[in-house]
Each structure stands twice: as C-alpha cells, then as structure tokens.
Amino acid sequence: MNGSVIAQLVVSGSLMGLVYALIAYGFQLTYATSKSINFGQGELVMVSAFICLTMTNLGISYWFMVPLGLMCGALLGLFVERAGVRLALEQKNEGWILLTIIIGLFFFSAAENIWGRDDRPFPTPISSEALQVAGIRITPLELSVALGVFAIMGIIELFKRKTLLGKAFEAVAADRDAAELMGISATKTIMLSYSLSGVVAAVAGLLVSPITTVGPTMASALVLKAFSVAVVAGLDSGFGVVLIGLFLGSLESLTSYYVGSGWREAPGLILLILALAVRPTGVFGKIPIKKV
Amino acid sequence: MLVVDNLYAGYGKSEVLVGTSLTVKQGTVVGLIGPNGAGKTTTMRAISGELKPTKGTVMLDSKPVQGLDASRIARLGLAHSPEGRRVFGPLSVEDNLLLGAYHRLPRFFGFRSRAAAELERVYDLFPRLMERRRQSAGTLSGGEQQMLAIGRALMAQPKIMLLDEPSMGLAPVVVDEVFSIISRLKESGITLLLVEQSASRAFEVADYAYVMERGRVVMEGKPAVLQQDARMVAAYLG
Ligand SMILES: Nc1ncnc2c1ncn2[C@@H]1O[C@H](COP(=O)(O)OP(=O)(O)OP(=O)(O)O)[C@@H](O)[C@H]1O
Ligand SMILES: [Mg+2]
C-alpha cells in the first residue's frame, strides 16, 4: 500500500461522502420537525438538476440559474409536504412512507417523459483541471462540492441557532404540542423544514451533476448511501452525518481500489446493517434529556 | 375575560369532560381543584386548543375561540403552561423564554432587543434563571424547570394564563417558593386559572375556586366559603 495513493483515495472518496452527508442532512431537517422523511429525496435531487440543466440550455447564466434552482428545490419540497406528508401527519399515521415513495416514482416517470432516459452532461463554469495540493490531485470542481456542502449546511445551522424562527424550528422538534402553546404553528414549521430540505436536495443536485451527469437514475445510489449515513449517524446530528459521510465515502473508494470496484457498495450496506443491529439511535444520536 | 360554557371533550371515544363551565374574571386568580383523573388537565387543554372540544363554548374576551388551533389561541393572548412543565430540553433557558414571546417578536433579527424589557422582568422574578440562562433547559432541576415554564408563559404578556399543577413532583420548600411567586404575580394583577391537586395550596392564592369531579364542576365558591363546607372538608381538606 502506498501512502499517497491512500491519501488520494481518501480525498476523492470524502467528496462523495460529503454529498451523502448533505442528502442525509435533508432527511434530518424534516425528521426533526415532523418525524417523517421524504423517501423520494433522490428524485428531488434529480428533478432539480434537470430543471437547472434546462435553464442553462435556455441561456440563463450559471450564477443566475443557481438561486432559481434553489427556489425550485424549495417548491418541490413544499409540494411533497402538501401533497403527501401533511395528509398522513394529520391522521397521525405512517402513510407518509408510502406517499413520499409514490411522489418520488411520479417525479421519476415525469422526468423520463420530459427529459428522456439519457444521461446528459451538465455544463459548469468551474474548472475541472486538476491542481496538485501536497501531492494530491484535486479539481476546483471537486473543491466546489466540499465548499457548497459546508456553505449550505453552515447557513442552515446559523439560521437555526441565531434567528427566532430557527429556534422555533428547534422547539417544534423538541416538543411539538408545547411549541403550539407558544403560538408557533407546527404546520408552518413543517412546511419550512420540507422547503429547506428541498433546497438542500437542489444544492446536492447542482454540486454532483457536473461529476455524475444528469439522468433519471442519477441520484438513486446517492440516496441509498445517504440513508445509510443518516441511520448510522442518527437522525438528529448534523455534525454526525458529516463525519459518517466522510468515513463512508473514503471507505468506499478504498474498497473499490483495493478489493475491486464491484465491492464499492459493500461498506455502506455493512455499516447500515451494523448500525441497525448494534445502535438503533445512531452513533451520534442522543436520547433527549428530560427531567420531570 | 374567560368564559367556558358546557364544554365537552375527550380522547377518541372516551368522553372526559361532560359539560364543564367556569368563568375567570379579569385580574382574578381562579383555582380548579379535584382528584386525580377528574379532568382538570383536559379542561385546560380544551380551553387552549391543544384538544378540540366536541361541544360547548370557550369565550376569550367575549370572542368564541373553541375549535381554533392552539397557536391561534396563544396569539390571541392566552398562555398555557402545561402539566409536566414541558420546557424545550435541548434549548437554552433564554431561548425557552424568548420562544414564550414568539408571537410578539420579529422572526429573524432584533428579537432579543425587542424582548429585553420583558426578559429583565422575568429574570427579576426568577434570579436563578438569570444565572442559568445559557444552560440547556433539560439540565435544570424540577423546580427550576417549573420557574422556567412560568417565566416562558409570562414572556407572552398574556391576557390570561393557565397554569397546570405547578407543584407536581416538587419538594415542599420548592412548592412554597413557587406559590410565593404566584402571590407576587397576583399582586401585580395577573389573570390566572390555576389547577392544583392540593386544595389548601390553591386556597392560599385563589379569589375563587371550582371543584371538579368526573368531568364536571360539582362545587364552586370563594375559598373562605368552601373551607367551611362540610363535604369539601371531608373530601379535600381533611
Ligand atoms: N392522552 C390521553 N388519552 C386518553 N385518555 C386520557 C389522556 N389524558 C387523560 N386521559 C384520561 O382523561 C381523564 C382525565 O384526565 P386529566 O388528565 O384531565 O385529569 P386531571 O384532573 O388533570 O388529573 P391529575 O390530577 O392526575 O392531573 C382520565 O381518566 C385520564 O385517564
Ligand atoms: Mg392533570
């Protein structure tokens, strides 16, 4: 084994890992307020990527397209909440599982019909010419993935900690009924969490598209990994998903290099099974502190 | 101020409230007492909208509010400090207080300065909360959590406050402390509906009291009068 090869593998694996972390973070956002997650999150990533691609093809410049793309992500997230999740939450059942899967399938076939089944390149102004940093090759495009992931997670975390609306978000997560008694509308907070989660999906789409290309199935593998990361890290720790994401991403690229590319999916699966068997609350998940 | 008339409410198929009526006049402290399971908490929840009443009316400031969402009723000026305190454990003490004033404050920035005066008043009343304002609420003692739950409700500057069993699970000295705070709030003119298991405690601060049994009010009157009542003495003050 060669040290610089390992370092190279860890760096490029980590970048994918950060994308898993970002999608997992999207799961956490909605789970916090509503104890529900969007199983069609991968389709949101894919549809927003297609919408961004279409806007680019219409001649809209990249930096103008980005905010529009994020807005579309927010609207898609809201659609999932309104069309699927809310109904189930109002009746206090687990119907959101099926509903979000079905909405995902609907997005999938809509995308196939509108944009076709082919994978298409995603143009970006960010260069993919490799730089050498301490003997490791990394492209500005890859760096933009890391930057983008940290930027959006940082902004949302700041929002949650520094604004009153963000604190209300945390209050609904901690005790929904008590939050209602403070005049906080849980329904609106849940809508907000779904739109934020949609924004996060759109960011993930924008970041990975230039690397993976855009196609109806572009996010299906990503989202499974993200799900493993969310389960392993726990559904309440943003810090945890980043760590576990980095770990899983590196492990995958090491495995595919040293064991064989066919084994790439193995670490995610093993991690998921281990987590479910050993620690269902996740490595970083904590039992809420409550004293009576 | 608050007029509850012939209220019915329950959980699923089981009816708990079967025609509860009570009135809280502006600037008075009204006690609601009764044995375990009488429906005191359910009454409060049906008033504040946490639970939707199936029949009857709740008038707040002469406006019907029954059937509205709890968050709407809170914005109309009713603060309900629920049974078991229900502070937001992971959030800091100060964040809990700020959230109490949620509906009066700007959502993004500048909310801290807008809440400053009220925050100072609450810290004056509960110096211990001031000391612990950065600590997460879940790590407070039971008594401190109760103070926080009261402080959080006061932050809303409510027209009327509902306070459900503030003495629950607390040591007698701490209960004394909580009730001396309630007396101080009373002097400052608060309008309060207070649920309390211990009738004698409730009578210390109440101007008027209702006794509930099996989902309806069975007796009412001024504490001084109720204290003379033979049935009352036998059941609650013995
Ligand atoms: N969430 C619930 N689901 C079903 N039944 C409930 C629920 N909460 C309370 N009950 C029932 O409603 C009845 C009244 O309960 P409630 O909590 O209102 O009584 P309480 O007077 O507040 O009693 P305590 O003094 O013990 O707090 C009880 O029989 C109780 O079992
Ligand atoms: Mg009770």
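Any read-out appearing in this document is the output of simple, stated calculations on the displayed coordinates, not a laboratory observation. Since the model is a prediction, treat every value here as computed from it, not as a measurement. Every residue, glycine among them, receives a Cβ derived from its backbone with ideal geometry; neighbour counts consider all protein chains shown.
A few remarks follow.
- Residue satisfying condition, being loosely packed, with under 14 Cβ neighbours inside 10 Å, more than 30 Å from B:LYS52 (Cβ to Cβ) and in contact (Cβ under 8 Å) with a residue 40 or more places away in the chain, within set A:LEU105, A:LEU70: A:LEU105
- Given (1) closer than 16 Å to B:VAL218 by Cα; (2) within 7 Å of ligand 1 (Cβ to nearest atom); (3) surrounded by fewer than 24 Cβ atoms within 10 Å (Cβ to Cβ), index of the condition B:SER14 fails: (1)
- Screening the candidates A:ARG137, A:ARG161 for the property of being over 27 Å from A:LEU224 (Cα atoms) and either within 14 Å of another protein chain (Cβ to nearest Cβ) or surrounded by 17 or more Cβ atoms within 10 Å (Cβ to Cβ) (or both) yields one hit, A:ARG161.
- Some residue of the stretch B:135-149 being within 16 Å of ligand 1 (Cβ to nearest atom), under 16 Å from the mean Cα position of the chain (by Cα), within 13 Å of chain A (Cβ to nearest Cβ) and part of a loop (DSSP other than H, G, I, E, B): no
- Restricting the stretch A:238-270 to residues that are free of Cβ contacts under 8 Å to residues at least 40 places away in the same chain and outside any helix (DSSP H, G or I), the residue that is nearest to the chain's Cα centre (by Cα): A:ARG264
- Restricting the stretch B:167-198 to residues that are over 16 Å from the mean Cα position of the chain (by Cα) and away from chain A (no Cβ under 14 Å), the residue that is nearest to ligand 1 (Cβ to nearest atom): B:PRO172
- Among residues of the stretch B:25-45 that are at negative phi, those with a beta-carbon under 6 Å from a residue that is within 7 Å of ligand 1 (Cβ to nearest atom) at least six positions away or on a different chain give the pairs B:LEU32/B:LYS40; B:LEU32/B:VAL195; B:ALA38/B:MET212; B:LYS40/B:GLY34; B:LYS40/B:VAL195; B:LYS40/B:MET212; B:THR41/B:GLU83; B:THR42/B:VAL16.
- Which numbered condition B:ILE73 fails, given (1) crowded, with 22+ Cβ neighbours inside 10 Å; (2) more than 8 Å from every other protein chain (Cβ to nearest Cβ); (3) under 20 Å from B:LEU125 (Cβ atoms): (3)
- If the condition is being in contact with a helix residue (DSSP H, G or I) (Cβ under 7 Å, 6 or more places away or on another chain) and within 16 Å of ligand 2 (Cβ to nearest atom), then the stretch B:212-238 contributes B:MET212, B:TYR236.
- Residue list for the stretch B:59-86, filter: within 16 Å of ligand 1 (Cβ to nearest atom) and in contact with a Ser or Thr (Cβ under 7 Å, 6 or more places away or on another chain): B:ALA70, B:HIS80, B:GLU83
- 1 or more residues among the polar types (S, T, N, Q): qualifying helices (runs of 4 or more DSSP H) within the stretch A:1-118: A:3-34, A:41-57, A:96-115
- Count of the stretch B:108-143 residues, restricted to those that are over 24 Å from B:GLU177 (Cβ atoms) and either among the β-branched types (Val, Ile, Thr) or surrounded by 13 or more Cβ atoms within 10 Å (Cβ to Cβ) (or both), is 4.
- Beta carbons closer than 6 Å, at least 6 apart along the sequence or on distinct chains, pair a first residue in the stretch B:80-91 that is within 7 Å of chain A (Cβ to nearest Cβ) and within 15 Å of A:MET182 (Cβ to Cβ) with a second that is crowded, with 21+ Cβ neighbours inside 10 Å and of a type in the set (Ser, Thr, Tyr) for B:HIS80/B:SER48.
- Yes/no for A:ALA178 being part of a helix (DSSP H, G or I) and more than 23 Å from the chain's Cα centre (by Cα): yes
- Qualifying position, being away from chain A (no Cβ under 13 Å), within 16 Å of ligand 2 (Cβ to nearest atom), β-branched (Val, Ile, Thr) and closer than 17 Å to B:ALA209 by Cβ, among B:ILE47, B:ILE33: B:ILE33
- Odd one out for A:LEU143 among (1) in a helix (DSSP H, G or I); (2) surrounded by 21 or more Cβ atoms within 10 Å (Cβ to Cβ): (2)
- Which listed residue is more than 9 Å from chain A (Cβ to nearest Cβ), touching a helix residue (DSSP H, G or I) at 6+ places or on another chain (Cβ under 7 Å), among the basic types (Lys, Arg) and farther than 29 Å from B:ASN36 by Cβ, from B:ARG121, B:ARG132: B:ARG132
- Checked against (1) within 16 Å of ligand 1 (Cβ to nearest atom); (2) closer than 28 Å to B:PHE179 by Cβ, B:GLY56 meets all criteria but (2).
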